[in-house]
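Read the figures in this text as sums done on the coordinates, not as results from a lab. Because the structure is a prediction, the values reported are computed rather than measured.
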Amino acid sequence: MQASPILTSAHKIAIAGLGLIGGSLALRLAQRGRYVIAWNHNSRPYEAAARHNILCVDSLEALAAGKPDVLVLATPLTAMPAVLAKLAPVLSPATTLTDVGSVKTEVRQQVRNAGLSHYYVGAHPMAGNERSGFAAADPTLFDDALWAVTVDDDTRYDRFLTVADMITQGVGNRIITLDDHIHDSSAAMISHMPHVVSTALSSMLVDSEDRNIEAALAAGSWRDMTRVSLTDPGRTKAMVEEDAANVASLLRQLSARLNTVAQSLEQLSEASSDKPVDEKDESDVSRAQQQLAAFFQSPEPFRIYKRKTWDSSGSASTDSRTSDKHSLTQQTEANHDTIRIPERGWQQALIESAKAGEQITAFATTHEARIIARSLSASVSSASVADS
């Protein structure tokens, strides 16, 4: 296959929705020299946006009429059908449609219902905080961010490259490529389910008789565990409901693990009481201690993964191995590897690349990308902790 230069690029970006993510993205792209036009459901952010060289328009039709290279949907999922209905009659074939939503299956279905699936490439920036609105928008929100770009069998490669260019060159971020199912189940694990857990912890404090004492004592551990519970509750509720099945399954799994830990701790607590201890009690105590040791040891691969990231000041060391698990060939180049992307089956090839921990930082040609590798090993003991 003959490599060719990149023929697609994203210089003119339209953004529908100037909330935290849409606003931060607009600021970031404008700051980095891209031409940005934007629409919002109300005009409140327009004056502030204009000060940052963001051209604001009064309608979705006007947003599409400018024939942007990429039009980014940054509206709530509930507003998406109405937004897409207005865009469908006026969207130029030259424009690629993408979004920044945290759930992908439902967005793709809504895009399909609007007759725009051939325009669409999904995207989800792994960036955000507990604040909301354009007043909270900050271009640094995207510093060192990773985006999940989602595709299906019908996704056009040229449109994928256009979105990839917006992210890697326009925003200065990395990407991995996933299908909708993998994305949504993964987002449930690393974002949606933790929001529920964080909210539950904050609710327990509010309901505690000693809440004033506990709130006064709260420091780093509590702050880190409950930060996302400060997010607007309506926004969190909507996000979790959109990924309901995946979140529910993970909460059941988490409950099983926590129940095992609680049982082990109860056995140790009973053993420390003044009642006589027989041989069976000693065996139960030993088993409980082993289960707790396994539980606290099980995330060790994640600790190693994070230490590698910290040691390299945000960039993990490059893994220059050659893998035969997928059809992408690697070549060492400077501090990065390069992967060659096949013309046929490129979607699955890039998904396998993501599973191997490879993240694309830039495209050298249409079918050659630079990557860094950040892989996380599986825990040997985690299954036994959950099942014991």
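Points worth noting:
- Prolate/oblate/rounded call for segment 1-98, Cα gyration tensor, a/c under 1.5 rounded: oblate
- Cα gyration tensor category, rounded, prolate or oblate, for segment 186-298 with a/c compared to 1.5: oblate
- Share, in percent, of DSSP beta bridges within the chain that are antiparallel, nearest 5: 45
- Long-range HN-HN contacts of residue 341 with modeled amide H, under 5 Å: 368, 369
- Cα-based shape type of segment 12-178, given that a ≥ b ≥ c are square roots of the gyration tensor eigenvalues and the cut on a/c is 1.5: rounded
- Centre separation in Å (Cα based) which lies between segment 14-78 and segment 168-193: 22
- Between amide H atoms placed 1.01 Å from N, distances below 5 Å from residue 147 occur with 126, 174, 175, 176, all of them 5 or more places distant or on a separate chain.
- Relative contact order (%) - criterion: Cα under 8 Å, at least six apart; region: segment 12-178: 25
- For P(r) over Cα pairs in 20 Å bins from 0, in percent, calculated from these coordinates, the label among [x] 24, 52, 20, 4, 0; [y] 27, 56, 17, 0; [z] 29, 61, 10, 0: [x]
- Based on Cα contacts under 8 Å between residues 6+ apart, the chain shows a relative contact order of 16 percent.
- Whichever aspartates and glutamates have a C-alpha closer than 15 Å to that of residue 12, once near sequence neighbours (fewer than 8 apart) are set aside: 69, 165
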